[in-house]
1. Going by the structure shown, is Ala110 within 20 Å of Leu4 (Cα to Cα), out of contact with any Leu (no Cβ under 6 Å at 6 or more places or on another chain) and modelled with pLDDT of 95 or more?
2. Would you please name the residue that is least open to solvent (accessible area, probe 1.4 Å), looking only at residues in segment 94-113 that are farther than 13 Å from Val78 by Cβ and hydroxyl-bearing (Ser, Thr, Tyr)?
3. Of everything in segment 1-13, what is open to solvent by 30 Å² or more (accessible area, probe 1.4 Å) and within 17 Å of Val92 (Cα to Cα)? Give them in sequence order.
4. Only one of Asn76, Asn83 is modelled with pLDDT of 95 or more and open to solvent by less than 50 Å² (accessible area, probe 1.4 Å); which?
Amino acid sequence: QVQLVESGGGLVQAGGSLRLSCAASGSIVSINAMAWYRQAPGKQRELVASITSGGYTNLADSVKGRFTISRDNAKNTVYLQMNSLKPEDTAVYYCNANIVVRRTTTTYEAQFWGQGTQVTVSS
C-alpha cells in the first residue's frame, strides 16, 4: 500500500557532496516523523537524521555541521543533503517513515523502509 523510493546515492570523492531523496507514495493519510539511517559493512544500522512533521530536526553527532535533513510535505518527500563527505560516511542509506495509511474504512499507523541506496566516499 505504501512505498518509499530512495534516489541520489553514488560514488563521490572525500570532501564532495550528495543529496539523497526519498519519496513516499500509496494510500497515505499523513506522514509523521521521517528519518535517514545508514548501515556500513559489518556494522549495525544507525540513525543519521530525523525530522518531524513540523520540521524539528535531529542529527547524529557524527554528521552535525555537514548533513542537513529537510522535507517537502506536499510531495511526501524527505531529503538528506550531505556535504564534506568522509570515507567513514560510506554505507547503504535507508529512508524510514512513520505513516498513517488509509484502508477501506479505517486507518492504521506503521513504520516503512525504503530499499536503500549506496553511498561510497573515496579517499
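The values are calculated or read from the model by the stated rules, or taken from the named source; none is laboratory data. Given the structure is predicted, the values throughout are model-derived calculations rather than measurements. All Cβ positions, even for glycine, are placed from backbone atoms using ideal geometry, and neighbour counts span all protein chains on display. Heavy atoms of the whole protein, side chains included, go into the accessibility calculation; ligands, DNA and RNA do not. Shrake-Rupley method; radii C 1.70, N 1.55, O 1.52, S 1.80 Å.
1. Details: within 20 Å of Leu4 (Cα to Cα): yes; out of contact with any Leu (no Cβ under 6 Å at 6 or more places or on another chain): yes; modelled with pLDDT of 95 or more: yes.
Criteria met by Ala110.
2. Taking segment 94-113 as the starting set, the residues that turn out to be farther than 13 Å from Val78 by Cβ are 100-111.
Filter again for hydroxyl-bearing (Ser, Thr, Tyr), leaving 104-108.
Numbers: Thr104: 139, Thr105: 127, Thr106: 68, Thr107: 82, Tyr108: 52 Å².
Only one residue tops the list, namely Tyr108.
3. Scanning segment 1-13 gives Val5, Ser7, Gly8, Gly9, Leu11, Gln13.
4. Numbers: Asn83 fails: open to solvent by less than 50 Å² (accessible area, probe 1.4 Å).
Just a single option satisfies the conditions, and that option is Asn76.
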